[in-house]
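A short reminder: the numbers here are calculations on the coordinates, not readings from a lab. Just so it is clear, the structure is predicted and the values come from calculations on it, not from any experiment. Because the Cβ atoms are built from the backbone with ideal geometry, glycine has one as well, and the counts that use them run over all protein chains shown.
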Amino acid sequence: MLGTHLTALHDGDPAGLADALDVAAGFDDALTRGLARVGETDAAALAALAGAVAATPLADRVAEAVGKVTAGSVAEEHLAVLAGARTALFGAAHDALLARLDAALGRERRPWTPATATGPTEVTADPAGARAWLHELAVTGWRGVDHELLAAADAPIESALATLGTRRLAVLLDGLAAELRACVPVATMPQVPSRRWADLWSRGMLLAQAGPVTPGAVEPVSGRLLPLAVDVHEHDTAVQVQLHAVLEPTDGSPARLVRTAVSAAKVDTISGPALWQLLHAHPVLLTALAERRAVTVDDLPLHGADLLWHDDAVRPGEPADPFATARVLLPAAVASAAPPLDRHPAVLAEPVLLEGYTVHDTDGGLELELDGQRIAVAVDRLPSCGPVTPELVAGSSACLGLARWDAGRWLVQPVAVRSTVKRKVVEVHNGDWACGVTDPKVAKAEARSGDVVAVLRERAGRLLRR
């Protein structure tokens, strides 16, 4: 990624982006106050949402839903339509930003196409309890959330966890409830994270819709998977490790930019390097990250850009340098468009390679300068379970990162750096500690604090034996 390419990213926002985000912010403010009694300001915000999608197939249904909610009739189906309209707005913003980034990088991207149903569709259990709880949240508003309302989430979460098809919904609801519970009483908060909570509410409302589920188009792929970037998503109740990689198919087709992820449930006391222990069921992936190896995949399901990881379909391969992969294969790798529900500016994370830059220490953090153009560094996204630190980034000369868009600007999230430590050039990657901490000082500190995961497993075992 050359510095001259940054000019395209800094040359103003895509047309209509600011207007779309303003409309969504108005709806989020209405959701903060609650939809039980829609005042003049909130009615105008809802009307603006209807106007924003007036030229789309959603127009009639959104207009009807806005009319009903404004009149005081807040039904679950109306809220689902409003959640869909808000999701469509952010999807359009995502597409505009991604098109700008692809143009800057010269990256080719396959369009998303809906799957063609070739067999019977799967019908999952109806998560009516989840819809009812999300309905109550919307009517009450974030400012009105209390412990009684949060306690009502337990049954829907437990029910959704019991069914394979609704576990994603269960994890989302569990995380949202945990965040809200940590903020009660929300009414006393000086500022509510209205966009984040509205994002989670909207996604939950759409995931909780009943009906047949048509699985997305999945193609089995085989070939060599070359790791690029490891991103760790940590929450009090869950952790996910997402790997961005280049896949070289055995059939000789062009290399593809793909990603795969594994996750585990957790408690808030488990953090730092101990997080890797929760993923012990995926030894091939952890070994590939820690030892920087390629992985041979055999008939691994690929859905768009997402590889569905199965340990019985992968084998560890030869050593593979992520920086070399990024330099040689990444520029020509073909990317894939995101599924409709995953289109949101907050999830933009595109692998990039930056070399030969100058690091600037600013009041707001770090910036990388290439050919007179600067891009901010998202040092707050560095995971606690990896060895990459702000100090290593500040002393680096090359960086593998994820290009992101946040708060109206582009940033790069470092996932690996080439830096100078004690006059020696070293390469440090987020996944270096996947099989255990390699830094003696950190390992000693971890030993002093004890093995939290082992203690919790032992206690859980005692409880189950009783």
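Work out how much length Val184 to Ser384 would gain on full extension: take 0.36 nm times their residue separation and subtract the Cα-Cα distance, in nm to one decimal.
69.3 nm
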Worksheet item: Across segment 219-336, how large is the tail of the calculated P(r) beyond 24 Å, expressed as a percent of all Cα pairs?
Response: 24
Item to complete: Starting from the Cα of Glu291, step 7 Å along the direction of its Cβ; do the same at Ala15; then give the gap between the two resulting points in nm.
Response: 5.4
Discussion item. Restricting to Cα pairs below 8 Å that are 6+ residues apart, what does the relative contact order work out to for the chain? Please round to a whole percent.
Written reply: 15
Practice prompt. Rank the residues Lys424, Lys444, Lys266, Lys68 as a footprinting-exposure proxy: fewest other Cβ atoms within 10 Å of their Cβ go first.
Written response: Lys424, Lys444, Lys68, Lys266
Worksheet item: Can you give the net charge of the other residues whose Cβ lies under 10 Å from the Cβ of Pro390, counting K and R as +1 and D and E as -1?
Response: -3
Fill in: Point-to-point label distance, Ala36-Glu77, nm (Cα→Cβ direction, 7 Å offset)
2.5
Practice prompt. Please list, or write none, the aspartates and glutamates whose alpha carbon is within less than 16 Å of the alpha carbon of Lys422, excluding same-chain residues fewer than 8 places away.
Written response: Glu391, Asp439
Practice prompt. Give the long-range amide H neighbours of Leu228: residues separated by 5 or more places, or on another chain, with amide H under 5 Å away, using H modelled in the peptide plane at 1.01 Å from N.
Written response: His244, Ala245, Val246
Discussion item. Taking the Cα of Asp451, stepping 7 Å toward and past its beta carbon, and measuring to each backbone N in segment 263-296: which are under 17 Å?
Written reply: 270-283
Worksheet item: If each of Leu206 and Asp342 carries a label point 7 Å out from its Cα toward its Cβ, how far apart are those two points in nm?
Response: 1.3
Discussion item. If I take R0 = 56 Å and measure r between the Cβ atoms of Ala43 and Thr237 in this structure, what FRET efficiency does the formula 1/(1 + (r/R0)^6) give, to the nearest 0.05?
Written reply: 0.95
Worksheet item: Which net charge results for the neighbourhood of Arg167, defined as the other residues with beta-carbon distances under 12 angstrom from its beta-carbon, given Lys and Arg at +1 and Asp and Glu at -1?
Response: -1
Discussion item. Students often forget the sequence filter, so: which lysines lie under 22 Å Cα-Cα from Lys424 once same-chain residues fewer than 8 apart are removed?
Written reply: Lys441
